[in-house]
Each structure stands twice: as structure tokens, then as C-alpha cells.
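Q: My questions will all concern the structure given below.
The values are calculated or read from the model by the stated rules, or taken from the named source; none is laboratory data. None of the values given here were measured: they were computed from a predicted structure. Every residue, glycine among them, receives a Cβ derived from its backbone with ideal geometry; neighbour counts consider all protein chains shown.
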Amino acid sequence: MKNYLLKRLNQLKYKYPEFEKDLMREFANHKIGLRMTEFRLKTGLSQNQFAKKIGMSASHYSRLERGRQNISFLLLEEIAQKMGVWIDVSFEMEEQKPWSQQLNEKKGTKKVPKIHSS
């Protein structure tokens, strides 16, 4: 399965030169969305309640949580201020490697056992 995915990703990268860049942008949006979801759940509010509290439509907030829309740092800062928290931004130095090499080097992953139906 892993070899198939790597082969498919390489095909997409060849066919669409911006694929890796788009993929990383998509990944970043989903990562931020997950952090927003974690924070909202810690507050105990529903998406509708949270959106109302920060002065945003529920549909707009939902798109942000699902990583379907880019969010600016200024909007994140505004949300944090309205919620009475602060945002910590950090940059970590790590060796830049192509995504295909990063996939090959992932450790700690386990194979999913095949399920056979009888």
C-alpha cells in the first residue's frame, strides 16, 4: 500500500508541478483547523455557540475548523482576544526534505491488519 501511495504521489507531482505545494498548504489548513476544534471542545461549546461568541457565522467557522478555508494570523489573533487567550507561534528548524522522502522515513507506524470476512 505504501509503495502504491508513493508511486501515485510521484505521478501527481509530475503531472501537477504545484501538487506538493498545494498539498502542504492543505495540510497546514487542516492542522490549524484541528487545533481550533481542540480548543473549542475544551471550552465545552458547540460550533454554533463558539461562532456566535467570536462574532462569526457558524458556516464560516465550520469551514475554518474543517480546513476548507485559509485563516489569517490576524483572524486567529482576533479569535484569541475574544476568547481571552493568547496565541503562541513558534518556528522549528528542521531539515527540508521532499514529502516523498518524509513519507519513507516515518517511524512508529504500524501495519493495519487485514480483516477477512467469512
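Q: Which residues, taken from the range 49-59, are touching a helix residue (DSSP H, G or I) at 6+ places or on another chain (Cβ under 8 Å) and either charged (D, E, K, R) or loosely packed, with under 13 Cβ neighbours inside 10 Å (or both)?
A: Hits for the range 49-59 are K52, K53, G55, S57.
Q: If only one of K13, K42, K31 is more than 21 Å from I87 (Cβ to Cβ) and part of a helix (DSSP H, G or I), which one is it?
A: K13
Q: Now, a different point. Which residue pairs have Cβ atoms closer than 9 Å, lie 6 or more positions apart in sequence or on different chains, and pair a first residue in the range 1-29 that is closer than 22 Å to S72 by Cα with a second residue that is of a type in the set (S, T, Y) and surrounded by fewer than 13 Cβ atoms within 10 Å (Cβ to Cβ)?
A: Taking only residues 6 or more apart or on different chains, the pairs are D22/Y16.
Q: Taking R68 as the residue in question, decide whether it is among the basic types (K, R), part of a helix (DSSP H, G or I), surrounded by fewer than 16 Cβ atoms within 10 Å (Cβ to Cβ) and at pLDDT below 95. Break it down stepwise before answering.
A: Numbers: among the basic types (K, R): yes; part of a helix (DSSP H, G or I): no; surrounded by fewer than 16 Cβ atoms within 10 Å (Cβ to Cβ): yes; at pLDDT below 95: yes.
In short, no.
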